[in-house]
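K.L.:
Before we start, here is the structure in question, set down as structure tokens.
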Amino acid sequence: MTRSDMEQSGSELQGLREEVAETTKEIIKQVARRIELAKRIGQVKSRDSLPIDNERVEDALLEEVLQECKELGLDEQLGTKILATLLAESKRAQRAQGSAKAQPLITPMVMMAKATEIEKKGKKLIRLDVGEPDFHPPRAVLDAVSEALYSYKTYYTVGRGIPELLSALRDYLAKRYAYREAAENQLIVTPGGRFAVYSALATVASEGDSVVVIEPNWPAYKEGLDYIGARPIVVQTTLEERWQPSPEKVKAAVRPNTKAIVLSYPANPTGAIIDKAKFKETVGIADDLGLTVISDEIYNDYAYEPCPTILEGLPRKYILTSSFSKGWSMTGFRVGYSLAPAETSSRMLKVLGLMITCVPEFIQRGAAKALECEEEVSRNSRAMKERIDATSAELRKIDALELLKPEGAIYAFPQAKDPRFDSAAFAMELLEKKGVTVSPGTGFGDYPRCFRISLGQPQEVLTAGVRKIGELLG
């Protein structure tokens, strides 16, 4: 290239860069104009007591953006990502205007932190908020961890998990579910079930995407989606429907940018188990639409009615997540696992490698031993069933409440008969006046008349706590 050519090229490049700079500034001006419009919308919403979120409006705008991307030849993923950012900024601007009058959400984690602070001051509480069984881990697990520590199994190991635990998990799945297809490159050992869920969400959904979530449900699904900039599309269920999701509603919730459906049974907080036919139909919808089914099966050891699993008739795209926290009462060990097709599992492993490196080997040794402790898990399960039966009987003595008896998990989710009931205010009053903690239903979705009771306490404690609830409700 001659000097003249280089000068011409440089001049052309400079001109293009200047045009890019001007275009960028114009985009910023338009964003500022959009935020000003959002503030004005927020003022109208505040004046008329309207909610900030409006799914119908967002859906219509999404359709317009996708159509515009198609006409301009622009990548749709980029379009939805830009829209997600703009919507998030609009909502932030509207909240700053004071249009959001709702009180801060009291999630189970918020309630746990508040109760712990009170206990530090010396006040004794009846803790019915923590989703943690009070059973002890199997002694064999403690021995295995201790032996591993004293054998200096304290160094980095491969991110996916040690071969001994992966092999034990394959044997467990084969014995428990007659599922013999699990390969080593499909399994990942994770730091707890929560991280397995997060890495699943972060793998299948990106900023601007959406995922269908059935409520009431553990808030971590929506929190994880919010963190990665994806939108949770909620399908509500009711006590009157026996907390059963309608496959038709699930299908109607799917948007053009939907990537997955989250299922979790037995359910937290209701203890409900999805009907097998509905489970199968929902999985079929995911298959037909090319969506991933994320099935969180952490409470499968506490199922007292037949509970479907994703391992029966696998969809084309799936991720199973589970944990040692509940059945083996190993919450503090922070060890769980996931199972997915090899390609999906490989992408999930990158998330784990980026953030965690690996689960400590001495903990993995304990988890491998836990899979041999069938009697302890059975004993825990029997004890939890007795608590469900006894606590349900106590709750039904309270005229102000109605309850669908849990079919599994470790919770009860009563609903107040009074349509004006405010579970967040009730939870605070119960804590202050009776020294009992529960989790408001608003932490699990739009359920202000409900609250969650954790059954992770001895029965005499549960009975005392429920009776104090009855006293406060009159």
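The values are calculated or read from the model by the stated rules, or taken from the named source; none is laboratory data. Keep in mind that what you see is a predicted model, and the values were worked out from it rather than measured. Positions of Cβ are backbone-derived with ideal geometry, glycine not excepted, and every protein chain shown enters the neighbour counts. When the accessible area is computed, the model is the full protein with side chains, heavy atoms only, and any ligands, DNA or RNA have been set aside. Shrake-Rupley method; radii C 1.70, N 1.55, O 1.52, S 1.80 Å.
K.L.:
Look through the stretch 128-150, keep the residues that are among the charged types (D, E, K, R) and not in a helix (DSSP H, G or I), and return whichever of them is surrounded by the most Cβ atoms within 10 Å (Cβ to Cβ).
P.N.:
Ranking the candidates gives 129 first.
K.L.:
Being modelled with pLDDT of 95 or more, over 18 Å from residue 448 (Cα atoms) and either assigned to a helix (DSSP H, G or I) or of a type outside the set (Ser, Thr, Tyr) (or both) is true for just one of 256, 266. Which residue is that?
P.N.:
266
K.L.:
I would also like to ask the following. Anything in the stretch 237-291 that is touching a Pro at 6+ places or on another chain (Cβ under 8 Å) and in contact (Cβ under 8 Å) with a residue 40 or more places away in the chain? List them, or say none.
P.N.:
Matches in the stretch 237-291: 243, 265, 266, 267, 269, 270, 271, 272, 273.
K.L.:
Moving on to the next point. When you look at residue 369, is it under 19 Å from the mean Cα position of the chain (by Cα) and of a type in the set (D, E, K, R), yes or no?
P.N.:
no
K.L.:
Another question about this same structure. Just to verify a result, which residue in the stretch 226-257, among those that are small (Gly, Ala, Ser) and touching a strand residue (DSSP E or B) at 6+ places or on another chain (Cβ under 8 Å), is farthest from residue 211 (Cα to Cα)?
P.N.:
Per the criteria, the residue is 246.
K.L.:
Kindly state which helices (runs of 4 or more DSSP H) lie completely within the stretch 153-233 and contain at least 3 residues that are open to solvent by 40 Å² or more (accessible area, probe 1.4 Å).
P.N.:
By residue number, 163-177, 220-228.
K.L.:
Right, next: If I filter the stretch 343-360 down to residues being under 19 Å from residue 155 (Cα atoms), of a type outside the set (A, V, I, L, M, F, W, C) and out of contact with any Phe, Trp or Tyr (no Cβ under 7 Å at 6 or more places or on another chain), which single residue comes out as surrounded by the fewest Cβ atoms within 10 Å (Cβ to Cβ)?
P.N.:
Once the filter is applied, the top-ranked residue is 353.
K.L.:
So which residues in the stretch 326-342 are open to solvent by less than 10 Å² (accessible area, probe 1.4 Å), part of a loop (DSSP other than H, G, I, E, B) and under 19 Å from residue 162 (Cα atoms), if there are any at all?
P.N.:
330, 335, 340
K.L.:
Find the helices (runs of 4 or more DSSP H) located wholly in the stretch 357-474 whose residues include 2 or more that are charged (D, E, K, R) and over 20 Å from residue 111 (Cα atoms), and list them.
P.N.:
In the stretch 357-474, 361-370, 374-395, 459-473 are the helices (runs of 4 or more DSSP H) which contain 2 or more residues that are charged (D, E, K, R) and over 20 Å from residue 111 (Cα atoms).
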